[in-house]
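S.K.: Dumping the structure here so I can ask a few things about it.
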Amino acid sequence: MRSLGSNRVLITGGAGFLGSHLCEYFLTQKWEVICLDNFQTGSKANLAIFRDNPRFELVRHDVTKPYLCEVDLILNFACPASPRHYQSNPIKTLKTSLLGSLNMLGLAKRVGARLTHASTSEIYGDPQVHPQPESYWGNVNSVGPRSCYDEGKRAAETLCADYRRIHNVDARILRIFNTYGPRMAVDDGRVVSNFIIQALRNENLTIFGDGSQTRSFCYVDDLVDGILKLSDHDCFQGPVNLGNDAEFTVKELAEKVIDITGSKSRLVFMPLPQDDPKIRRPDLSLANDKLDYQPQTPLELGLKKTIAYFDKALSR
Ligand code: NAD
Ligand code: UDP
Ligand code: UDP
């Protein structure tokens, strides 16, 4: 990432899975990092390796409240990402996306900072176009159990676009497709970490529905590469899809995890949650064209690295 002036970055949600990888990257580049988090799903353990770095500052704060500081770049990542967590307090989830993004855009406007906003494939809902290009407007239920997340993220994109138009804020939007890797919380609840933990414990792998629904899984290092490319670009602001475009059924994922871990676990089938998208795969042409983005890590390799992480985490 090239210099943006004083080289100070604010990372909201910095104690979470993705946020902690971003903190780590900017510290290795000798930037000053302000990590802001309310610890709803994040943890101090994710920050342990750089806690004592003098360039690192940890602030316990909720993004739904105004926050003042002076930075060149804001990575707007605060928001629980797992359905289990974002549905546990849906009104709070919506406030985090909406008020949190409003406050960060207000901050960006005040100090003239660039802002990169973490949006999501969920803005496409249960898609009727496959794979999903950025030009697709989506198929989203506004009153279902996933709506607090999906609609909050859609409204946050709208805020970014309007702060661009009205206030000339350099707000960039990336739409993240299912990303996994080390530092996901053991109780996160998303499918990759659930299956790995279940397999390592020789417990049944819980498949929701018949396992024929598809997802495209991106290893965290590839996503971080894309986030940096977008944040570093001279002028491109997105929205742009980032992820991995290899598509697997949930059942295939379960079988792969059992295979790699050599676990004795079996598959059990449970009811499919309401509004669970049936298919999902990013069209990465725009990311490839504008950012020269291409995911490098095949699922099997990413799973092996993530399994090694959880193996260690569970034995602590
Ligand atoms: P995560 O749950 O591990 O991290 C979210 C972080 O935000 C946590 O540290 C949490 O404590 C913090 N947070 C939540 N609400 C907050 C609030 N009101 N104030 C301050 N901090 C708050 O999830 P993640 O996977 O690291 O996701 C990070 C971001 O990326 C989220 O915005 C998420 O929507 C987005 N995203 C992630 C994925 C993915 O596959 N990992 C996919 C799409 C979008
Ligand atoms: N805000 C913030 N930090 C700042 C500047 C603004 O948290 O450094 C908040 C501010 O409190 C407001 C939001 O961002 O709630 C939007 O600010 P803006 O100035 O765009 O709008 P206004 O305050 O005029 O509604
Ligand atoms: N899923 C599953 N078992 C689990 C957790 C999730 O079968 O223990 C399914 C879920 O129903 C969805 C897919 O895996 O179809 C991906 O779920 P996840 O929560 O990881 O993310 P989503 O893409 O739905 O936000």
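S.K.: Quick check on my filter: what residues within the range 73-91 are open to solvent by less than 40 Å² (accessible area, probe 1.4 Å), within 16 Å of ligand 3 (Cβ to nearest atom) and outside any loop (DSSP other than H, G, I, E, B)?
M.R.: Hits for the range 73-91 are His85, Tyr86.
S.K.: Let me ask something else. Which fully enclosed strands (runs of 3 or more DSSP E) of the range 202-316 have 2 or more residues being touching a strand residue (DSSP E or B) at 6+ places or on another chain (Cβ under 6 Å) and open to solvent by less than 10 Å² (accessible area, probe 1.4 Å)?
M.R.: On the way: elements: 205-208, 214-216, 240-242, 247-249, 267-270.
It comes to 205-208, 240-242.
S.K.: Out of all the residues in the range 54-72, is one or more more than 16 Å from ligand 2 (Cβ to nearest atom), open to solvent by less than 30 Å² (accessible area, probe 1.4 Å) and over 29 Å from Asp234 (Cβ atoms)?
M.R.: Checked against the condition, which is being more than 16 Å from ligand 2 (Cβ to nearest atom), open to solvent by less than 30 Å² (accessible area, probe 1.4 Å) and over 29 Å from Asp234 (Cβ atoms), the range 54-72 yields no hits at all.
S.K.: May I pose another question? Cβ-Cβ under 6 Å, sequence separation 6+ or interchain: first residue in the range 185-205 and closer than 20 Å to Ala15 by Cβ, partner within 11 Å of ligand 3 (Cβ to nearest atom) and open to solvent by 10 Å² or more (accessible area, probe 1.4 Å). Which pairs?
M.R.: Listed pairs, sorted by first residue: Gly189/Arg84.
S.K.: Write out, first by first residue and then by second, each pair whose Cβ atoms fall under 7 Å of each other, whose residues are 6+ apart or on separate chains, and whose first residue, in the range 51-77, is hydroxyl-bearing (Ser, Thr, Tyr) while the second is outside any loop (DSSP other than H, G, I, E, B) and within 9 Å of ligand 1 (Cβ to nearest atom).
M.R.: Final answer for the pair search is Thr64/Lys95; Thr64/Thr96; Thr64/Leu99; Thr64/Gly100; Tyr67/Leu36.
S.K.: Let me ask something else. Does Leu94 count as open to solvent by 10 Å² or more (accessible area, probe 1.4 Å), closer than 27 Å to Glu151 by Cα and part of a helix (DSSP H, G or I)? Before you say what the answer is, go through the steps one by one.
M.R.: Numbers: open to solvent by 10 Å² or more (accessible area, probe 1.4 Å): yes; closer than 27 Å to Glu151 by Cα: yes; part of a helix (DSSP H, G or I): yes.
Taking the combined requirement at face value, the residue satisfies it.
To keep it simple, each residue is scored yes or no on (1) under 19 Å from the mean Cα position of the chain (by Cα); (2) aliphatic (A, V, I, L, M); (3) within 11 Å of ligand 3 (Cβ to nearest atom).
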position	(1), (2), (3)
Asn204	no, no, yes
Gln213	no, no, yes
Asp221	yes, no, no
Lys229	yes, no, no
Gly262	no, no, no
Phe269	no, no, yes
Gln274	no, no, yes
Asp289	no, no, no
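S.K.: Count, please, the residues in the range 106-128 that happen to be away from ligand 1 (no atom under 12 Å from the Cβ), open to solvent by less than 10 Å² (accessible area, probe 1.4 Å) and closer than 22 Å to Ser147 by Cβ.
M.R.: Result for the range 106-128: 1.
S.K.: Please go through (1) within 17 Å of Glu157 (Cα to Cα); (2) away from ligand 3 (no atom under 16 Å from the Cβ) for Tyr67 and return the number of the only condition it doesn't satisfy.
M.R.: The one condition Tyr67 does not meet is (1).
The values are calculated or read from the model by the stated rules, or taken from the named source; none is laboratory data. It should be emphasised that the depicted structure is a prediction, and the values quoted were computed from it without experimental measurement. Here Cβ is always computed from backbone atoms with ideal geometry, including for glycine, and neighbour counts include all displayed protein chains. Note: areas computed on protein heavy atoms with side chains; ligands, DNA, RNA excluded. Shrake-Rupley method; radii C 1.70, N 1.55, O 1.52, S 1.80 Å.
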